[in-house]
């Protein structure tokens, strides 16, 4: 069973989580399945936007594509959600409550 992430986008699953590995085609498919218009996905594809470049886009970048306000807002929301989810995964405790990315001890405040 695959867990759906709390991004507000229905088809972004735990198996999709390594955003940096998404190809242009994979991103196009994911966006299409989540209600983004063909014009939006076509613009992103024409600009070779893959997963890695998507999470690096800022508001000015997104606005510069010439999209209408609703697709811009949805795209910004997706980018923010993906960044937050990536941050949560990067900062989550792993074996022995150590973070492999930073080497810092993480205090587990849960009851587990």
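The values are calculated or read from the model by the stated rules, or taken from the named source; none is laboratory data. Predicted model, so just to flag it, every value in this text is computed and none were measured. Cβ: placed from backbone, ideal geometry, glycine included. Neighbour counts: every protein chain shown.
Rundown of residues vs (1) in a loop (DSSP other than H, G, I, E, B); (2) touching a helix residue (DSSP H, G or I) at 6+ places or on another chain (Cβ under 6 Å); (3) at pLDDT below 90; (4) surrounded by fewer than 18 Cβ atoms within 10 Å (Cβ to Cβ), yes/no style:
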| site | (1), (2), (3), (4) |
| --- | --- |
| 1 | yes, no, yes, yes |
| 11 | yes, yes, yes, yes |
| 29 | no, no, no, yes |
| 32 | no, yes, no, yes |
| 36 | yes, no, no, no |
| 39 | no, no, no, yes |
| 42 | no, no, no, yes |
| 53 | no, no, no, yes |
| 56 | yes, no, no, yes |
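Among the residues of region 62-82, write down those that are surrounded by fewer than 19 Cβ atoms within 10 Å (Cβ to Cβ) and over 16 Å from the mean Cα position of the chain (by Cα).
Those that are surrounded by fewer than 19 Cβ atoms within 10 Å (Cβ to Cβ) and over 16 Å from the mean Cα position of the chain (by Cα): 63, 64, 65, 66, 68, 69, 70.
If you scan region 58-74, which residues turn out to be within 21 Å of residue 86 (Cβ to Cβ) and outside any helix (DSSP H, G or I)?
Correct list: 58 only.
How do the pairs read when you match residues in region 37-66 that are at positive phi with residues anywhere that are part of a helix (DSSP H, G or I) and surrounded by 16 or more Cβ atoms within 10 Å (Cβ to Cβ), using Cβ under 7 Å and keeping only pairs 6 or more apart or on different chains?
Correct list of pairs: 48/24.
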